[in-house]
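Below is one structure; the comments refer to it alone.
The values are calculated or read from the model by the stated rules, or taken from the named source; none is laboratory data. The shown structure was predicted, so the numbers you read here are calculated from the model rather than taken from an experiment. Please note: Cβ atoms are built from the backbone with ideal geometry, for glycine as well, and neighbour counts cover all protein chains shown.
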Amino acid sequence: MLSKHFPDGRGARSVQGVTETMERPRLAPRGRAIGVAAAAGLAAAMGVGRFVFTPLLPIMTASTGLGAGDGAVIATGNYAGYLVGALLLTRLPQLSRRGTFLAWSLVLIASEAAMAASAQVAVHTALRFAAGVASAAIFIACASTVSRHRAEGASLGVAFAGVGSGIAVTGLFTLLAGPHLSWQGLWIGSAVLTALLLAPAWLLDIRPEIGTDVTGSRPAPGPRERRAWLLLLGAYFAEGVGYIIVGTFLVAAVAGPDTTAATGPALWLVVGLAAAPATVAWHAVARRFGTGRALVAALTVQAVGVAAPALHDGLVAALISALAFGGTFMGVVVLAIDLGNRLPVARPAATLTTLYAIGQVIGPLLVVPVLGSSFTGAFAIAAVIVAVAAALAAGATRAAAPS
């Protein structure tokens, strides 16, 4: 196994596998191998398992008559599953072992392949829920394994690049295979793609995360720290609500008589290519200007990008949105959690991740009433919510600054 020679307990403190990601150690060969294998796992779990529904939604709509509201319900099933999976692995970390990791992998692969067996919304929602639970389990297992071996050169920056890379792969797959396969064939192909990407991650030495929460040694938060924490929680929750609206409907929004079948998958490919280097880029911004300011900047860029399709109905606006969305959403994750880790509060990453996941469940359902022949209203709502997140993050940054 890639990590069997590494002792446990070294590396950064980790809660739910995503903490203290702003450092970037020099990569050793074996550490690099662990990071790359984990990146492949995250590409499978997130890029394909979680987000492949986005480029496939307009194809399913054209073939089965699936409505935008139905798509929102199915997507919400996946996001609810992710929330349940994250909470389950937090409460029962023993479910993150190599044997159960293989089981979660099989659940993810089978749930994708089974999408081809039915056109019923209820069945698809249940299958996407199962995929969400499995995706969360795989994400936490891969990220926590990398965190455990950061001292040996394993990099969370490399691992998180797998999310964007996986999105790019789904865009490319849909672009190339879409003209030749039915929507059922595309789901089966996605399952095969997931299995291929997961293969390197099966070599990882997945173990239950050892709790190393050191918050007991921290001073109690004062009024400014409490205010900063509450504002950060609000910002991250709002981001969860707003970003997922774009992540669900961006490709469907460009489907129409004025575009070709290749437009949506190509746009999703752009999202992935922008997301792959984003965590490294925002790390550099944070080192130069500070984590809080970098977080505000990322949210502001995202809000402007999300607003573009609401203000102008065209491919240029959609491209701006794809670049801004892809280039910021993973950056926001690592920046927000890093800022939370700097505050004297208990379990910052776990709390932030839970609120973020709840926001993702709410987002698609929130815009169902405005979904119709156009997604303009949905993107307008998302832009306002992300702008609110930026304002709250700015308040948190000011409150957290030394007086």
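Please state which of the following conditions Gly211 fails to meet, knowing it meets all the rest: (1) modelled with pLDDT under 85; (2) part of a helix (DSSP H, G or I).
Every condition holds for Gly211 apart from (2).
Going through region 363-380 one residue at a time, which ones are surrounded by fewer than 18 Cβ atoms within 10 Å (Cβ to Cβ) and not small (Gly, Ala, Ser)?
Leu365, Val368, Pro369, Val370, Thr376
Test Ala119 against the criterion of being touching a helix residue (DSSP H, G or I) at 6+ places or on another chain (Cβ under 7 Å), farther than 26 Å from Ala276 by Cβ, at pLDDT 95 or above and aliphatic (A, V, I, L, M), and give yes or no.
No.
Report, by residue number, each residue of region 142-168 that is of a type outside the set (S, T, N, Q), under 19 Å from Val251 (Cα atoms) and surrounded by fewer than 24 Cβ atoms within 10 Å (Cβ to Cβ).
Scanning region 142-168 gives a single hit, Ala168.
Mind telling me which of the residues Ala383, Ala350 ends up being in a helix (DSSP H, G or I) and surrounded by 24 or more Cβ atoms within 10 Å (Cβ to Cβ)?
Ala383
Inspect region 51-73 for any residue being of a type in the set (Asp, Glu) and either modelled with pLDDT under 95 or closer than 18 Å to Ala357 by Cα (or both) and give the result as yes or no.
The answer is yes, given that some residue of region 51-73 is of a type in the set (Asp, Glu) and either modelled with pLDDT under 95 or closer than 18 Å to Ala357 by Cα (or both).
What are the pairs with Cβ atoms under 9 angstrom where one residue, in region 179-202, is free of Cβ contacts under 8 Å to residues at least 40 places away in the same chain and the other, located anywhere, is of a type in the set (Phe, Trp, Tyr)? Sequence gap at least six, or different chains.
Cβ pairs passing all conditions: Gly189/Phe173.
Just one of the numbered conditions (1) at pLDDT below 95; (2) more than 23 Å from Ser147 (Cβ to Cβ); (3) not charged (D, E, K, R) is not true of Leu186; which one?
Condition not satisfied by Leu186: (1).
Looking only at residues in region 90-126 that are touching an Asp or Glu at 6+ places or on another chain (Cβ under 8 Å) and assigned to a helix (DSSP H, G or I), which one is farthest from Thr353 (Cα to Cα)?
Of everything passing the filter in region 90-126, Val121 is farthest from Thr353 (Cα to Cα).
Quick one: is Leu343 under 16 Å from Arg227 (Cα atoms) and not in a helix (DSSP H, G or I)?
Judged against the criteria, Leu343 is a match.
Filter region 57-72 for residues that are touching a helix residue (DSSP H, G or I) at 6+ places or on another chain (Cβ under 6 Å) and surrounded by fewer than 24 Cβ atoms within 10 Å (Cβ to Cβ); which is farthest from Ala136 (Cα to Cα)?
Of everything passing the filter in region 57-72, Ser63 is farthest from Ala136 (Cα to Cα).
So in region 95-119, with the set limited to residues that are among the hydroxyl-bearing types (Ser, Thr, Tyr) and surrounded by fewer than 22 Cβ atoms within 10 Å (Cβ to Cβ), which one is farthest from Ala62 (Cα to Cα)?
Result: Thr100.
Against the condition under 20 Å from the mean Cα position of the chain (by Cα), modelled with pLDDT under 95, over 30 Å from Pro257 (Cβ atoms) and not β-branched (Val, Ile, Thr), how does Leu339 come out, does it pass?
Against the criterion (under 20 Å from the mean Cα position of the chain (by Cα), modelled with pLDDT under 95, over 30 Å from Pro257 (Cβ atoms) and not β-branched (Val, Ile, Thr)), Leu339 qualifies.
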